[in-house]
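Derivation of every value follows stated rules applied to the coordinates shown; laboratory data play no part. What you see is a predicted model; the values in this text were computed from it and never measured. For neighbour counting, all protein chains shown are included, and Cβ atoms are generated from backbone atoms with ideal geometry for every residue, glycine included.
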Amino acid sequence: MNISTAYAAGRLTIFLSGELDQHEAQQTSAFISELLEEYMPRDCVLDLSGLAFMDSSGIAVIVRASRQMKLVGGRLWVENPGKQVLRVIDASGLDRLVPVESGRVGGLA
């Protein structure tokens, strides 16, 4: 799992690449939490375009990050999930809790 970030104008974008599975989930979740505490963004985007694989433990990572953002009055959404990741998101119903943008650049208005 590789994680990189970009921050501008109150928006933190976290780019995840590799595989987000049970083995990686706990460490990834802890790192995202640290990033949110460090940057204190108003908006957070999880860009999943680099993820080749995600299982249900990746859903838990996203839900935890969303809850952390909501606690401080911010918002989080997912962008650019690949086909396999989108299937996991659809099967879990995550898109009813966290906005998912696929194919649109720039995020939510």
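Annotations for the structure displayed:
- Comparing Ala65, Ala30, Ala91 in a Gaussian network model of the chain (Cα springs below 10 Å), the most mobile by mean-square fluctuation is Ala91.
- Cβ-placed point charges (K, R +1; D, E -1), dipole of the chain about Cα centre in debye, nearest 20: 400 debye
- Note on Val85, Val98, Val72: ascending count of other Cβ atoms within 10 Å places them as Val72, Val98, Val85, the fewest first.
- Cα-based shape type of the stretch 2-101, given that a ≥ b ≥ c are square roots of the gyration tensor eigenvalues and the cut on a/c is 1.5: prolate
- Karplus 3J(HN,Hα) series, Hz, for the stretch 7-24 with 6.51 cos²θ - 1.76 cosθ + 1.60 (x for Gly, Pro): 9, 7, 6, x, 10, 9, 9, 10, 9, 9, 9, x, 10, 10, 10, 4, 5, 9
- Maximal additional length on extending the Asp95-Tyr39 stretch stands at 17.7 nm, based on 0.36 nm per residue less the C-alpha distance.
- Exposure proxy order (Cβ contacts within 10 Å, fewest to most) of Met40, Met54, Met69, Met1: Met40, Met1, Met69, Met54
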